[in-house]
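Remarks on the structure that follows.
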Number of protein chains: 2
Amino acid sequence: MNMFRYFIYLAYKGTAYHGWQVQPNGISVQEVLIRAFSTVLRHRVDVVGAGRTDAGVHARLMVAHVDVQVPFTNLAAFAYKLNGILPNDISILNIVPVRADAHARFDAVARTYEYWLTTEKNPFLSEGAAKVYGSLDFEAMNRAAACLMEYTDFTSFSKLHTDVKTNNCRITRAEWCRRGEVWVFTIRADRFLRNMVRAIVGTLLQVGRGRMTEADFRAVIEAKDRCRAGVSAPAEGLYLTDVAYPESVFIVD
Amino acid sequence: MNMFRYFIYLAYKGTAYHGWQVQPNGISVQEVLIRAFSTVLRHRVDVVGAGRTDAGVHARLMVAHVDVQVPFTNLAAFAYKLNGILPNDISILNIVPVRADAHARFDAVARTYEYWLTTEKNPFLSEGAAKVYGSLDFEAMNRAAACLMEYTDFTSFSKLHTDVKTNNCRITRAEWCRRGEVWVFTIRADRFLRNMVRAIVGTLLQVGRGRMTEADFRAVIEAKDRCRAGVSAPAEGLYLTDVAYPESVFIVD
C-alpha cells in the first residue's frame, strides 16, 4: 500500500513520563502519541522519533515521523484535533509532508539541547530547571565549555555499554547564557551520545564550583573514561530544543 | 512580651493550594507557612498576608507579616532554613524588619497583578497561563483596558455579598503586552475587590473576540452590576506580582 510520510514537530513536558521511548515499566511520550494518532487515523501508526529523551527530560521541539494511508488534506485541522486528544503536557506544533524515505532519526544533521539551571529556589521552575546551591563561576564554565569544540571523541561523557559504533560527535556550540531567571547552557552537535549533555553539565558544574580547572576538564575528555567525569546533572533541567534536517527531505509544493 | 515584626516576601505556585487563606476544606499557603515558621521558631506564629489569593492563583511576590519573640540575627540563614522545610512550590524571597505596628494588609498602598494568557497549547504553561482559543484583538483590548483608569467604582467586577464597605479602587496601570510566549495583562491599583482581576480579564476577552465594543465595556462598568460583566477568567493565569508600602514601615539600621 502507498503510504504518505509526515514530520511531526512537537513539544512535551517530560515530568510525568518515563522518557520518550515505549517501554514496559511506565508510560512514555511515544506510547501516548501512538495511541492518539491511531485513534484519530483509525489505523495503527508507528511514531519514530529523532532520538530518545530520558525520564523527566523535556522537549521544546522534538521531531518524529509517521506514515499514513491517506494524505492529510488539512494539516492544521488534524494538528488541532490531535491536540484536543493529547494531554496538557504534550503539544503538536506543526505537521509537514516529507519524502517517503525521509527518516526523523537518520536524516537529522544537528540537534540542540538546553540545560536550565537556577541558583535560587523558584516555585515556577521546580520541574523545569535544576536547582544548584551555592555560587557558580559561569565565566570559568564558559571557558571550559569552549574546549568541547576542539574534541570529537566524547567517550568520557557517554553511558557505558551502549550499542553505538562510535563515540565521535562534532559540537558546534556550547555556552552558558543568562536568560531571565535562569542560566541556560546551549549545546549543539551533529549527534549526542546517551546521557552526554547531563554528564557534560555535571562536569562543568565542578568547574563552576572551583573543584576542577579548565586543564582538569580537558584531561577528563582526553581520558576517554566515564569514571573521570562529574555526576550527571538531573533530568528536570534538560530540554531538547531543535532538530535540523537538510532541505531535501521536505516536499515543497 | 516584646515582639519583633518582620515582612516576609515570598512566591508560590498556587496550583496545589486552596488559595492563600486558612480554611477547613483544603490546604492553604498560609497554613503551610504557619506550620513551617512555628517549626523553626518553636513558638506558634501567625502569618498575616497582604491579601487573599483564590484557589489556583499564583504569587510572584506576596508579602506577609510575622511576629517573633527573639529578633533574627541572620535573616538570610533563617530564610534558607525555611526554604529547606517548605515545599518546592513556596519560596521565601526576603525577610525584612519592620516597625511593630506595620501591617502587611492595611499599610499596602498599591498592589500589582499579572494575568498570563496563551493562544497556543503550551506544555510548560498548562498550570501557569490560561489557554484561550481563537484570535484576539489585543489593540481593542488595550483601548478598553485604558478606560479602567477613568473610573473608581468597580462594583461590576466584584463578587456579590462581600463585607467590604466600598467598591472604590484607583487603577493606575492596565495594559496587555507580549512577553515571550505569553500575553500578559498588568494591572496596578491601590486596592482590588474580590475576583476583580479575573472578572476584568474575562470581560476584556469579550472585547478581544469582537463581542463587545469599547462603549459596551464602559457601559458594563457604569452599570455597577456584576451580571453585566463577562465570565471570570480561570485562576491558573493570575499572579500577584507586587505589593508596595510606604518607606515609613521599614526599620532602617
Next on the checklist: Quick check on the stretch B:89-119: of everything there that is in contact with a helix residue (DSSP H, G or I) (Cβ under 9 Å, 6 or more places away or on another chain), open to solvent by 50 Å² or more (accessible area, probe 1.4 Å) and among the charged types (D, E, K, R), which residue is nearest to the other protein chains (Cβ to nearest Cβ)?
Outcome noted: B:R99
Checklist entry - Which members of the stretch A:213-224 meet the condition of being open to solvent by 30 Å² or more (accessible area, probe 1.4 Å) and of a type outside the set (D, E, K, R)? => result A:T213, A:A215, A:A219, A:A223
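Looking only at the stretch B:225-250, how many residues end up being surrounded by 14 or more Cβ atoms within 10 Å (Cβ to Cβ) and either touching a residue at least 60 places away in the same chain (Cβ under 8 Å) or not assigned by TED's automatic domain parsing to the domain that holds B:Y115 (or both)?
Looking only at that region, the number is 17.
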Item to check | Checking A:M196 against (1) under 27 Å from A:H65 (Cβ atoms); (2) open to solvent by 10 Å² or more (accessible area, probe 1.4 Å), the condition it does not meet | outcome: (2)
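Mind checking whether some residue in the stretch A:203-210 is outside the structural domain of A:I8 (by TED's automatic domain parsing), more than 17 Å from A:W183 (Cβ to Cβ) and crowded, with 23+ Cβ neighbours inside 10 Å? Steps first, please.
Filtering the stretch A:203-210 for residues outside the structural domain of A:I8 (by TED's automatic domain parsing) gives A:203-210.
Pick out the ones that are also more than 17 Å from A:W183 (Cβ to Cβ) and you get none.
No.
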Checklist entry - Say we look at the stretch B:121-156 and pick out the residues that are within 14 Å of chain A (Cβ to nearest Cβ) and surrounded by fewer than 16 Cβ atoms within 10 Å (Cβ to Cβ); which of these is modelled with the highest pLDDT? => result B:S135
Item to check | Residues located in the stretch B:46-88, provided they are open to solvent by less than 50 Å² (accessible area, probe 1.4 Å), among the small types (G, A, S) and facing another protein chain (nearest Cβ under 10 Å) | outcome: B:A59, B:A79
Checklist entry - Mind checking whether some residue in the stretch B:26-41 is touching a Ser or Thr at 6+ places or on another chain (Cβ under 7 Å) and under 28 Å from B:K159 (Cα atoms)? => result no
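The values are calculated or read from the model by the stated rules, or taken from the named source; none is laboratory data. Since the model is a prediction, treat every value here as computed from it, not as a measurement. Here the Cβ is made from the backbone with ideal geometry for all residues, glycine too, and neighbour counts use every protein chain on show. Quick note on the areas: whole protein, heavy atoms, side chains included, nothing else; ligands and nucleic acids left out. Shrake-Rupley method; radii C 1.70, N 1.55, O 1.52, S 1.80 Å.
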